[in-house]
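Visitor: For reference, the structure I am asking about is given below.
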Amino acid sequence: EARNNLLGQSLYMKNHDNVKIQIAGNCDERGSTDYNLALGALRAGNAAHVMIYEGIEPERIKTISYGKENPIYPGTGEEVWAKNRNATTVVRKTK
């Protein structure tokens, strides 16, 4: 599902060459801060690599890791943790 979302985002960017994005890697609350920052960076980087492989110029993609410091869904437990393990894409800039 995530790969299909990235393919759709890549197609959008191919059709809108003025769009730049930021991909943020996120984690659940478990683990150390350093571990989760590294894991978030890996998630964001992997998502960016999919888009680059699809032909999006690397300079149009910025990655950042929030680790466990900026959860999208508040709370605790497996259901919430699963939702917070992701990479999210936002439009950062248009020309």
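The values are calculated or read from the model by the stated rules, or taken from the named source; none is laboratory data. Being a predicted model, the structure only gives us computed values, none of them experimental. With ideal geometry, Cβ positions are generated from the backbone for all residues, glycine too; neighbour counts draw on all protein chains shown. Remember, those area values only see protein heavy atoms, side chains included, never the ligands or the DNA or RNA. Shrake-Rupley method; radii C 1.70, N 1.55, O 1.52, S 1.80 Å.
Visitor: Please work out, to two decimal places, the log10 of the ratio I(q)/I(0) at q = 0.20 Å⁻¹ from a Debye calculation in which every Cα of the stretch 31-95 carries one identical scatterer.
Guide: Here log10 of I(q) over I(0) equals -0.84.
Visitor: Just tell me which aspartates and glutamates come within less than 18 Å, Cα to Cα, of Lys83; anything on the same chain fewer than 8 places away is out.
Guide: Glu1, Asp28, Glu29, Glu69
Visitor: At 7 Å along the Cα-to-beta-carbon direction for both Thr33 and His49, put a label point, then send me their distance in nm to one decimal.
Guide: 2.8 nm
Visitor: Moving to a separate point now. So with the 1.4 Å probe, I'd like the accessible area per residue for the chain, rounded to whole Å².
Guide: On the way: 5950 Å² over 95 residues.
Normalised by residue count, the accessible surface of the chain is 63 Å².
Visitor: Need the full-extension length gain, Glu69 to Arg85, defined as separation in residues times 0.36 nm minus the C-alpha distance. One decimal, nm.
Guide: Numbers: separation 16, 0.36 × 16 = 5.76 nm, distance 1.21 nm.
4.6 nm is the gain from fully extending Glu69 to Arg85.
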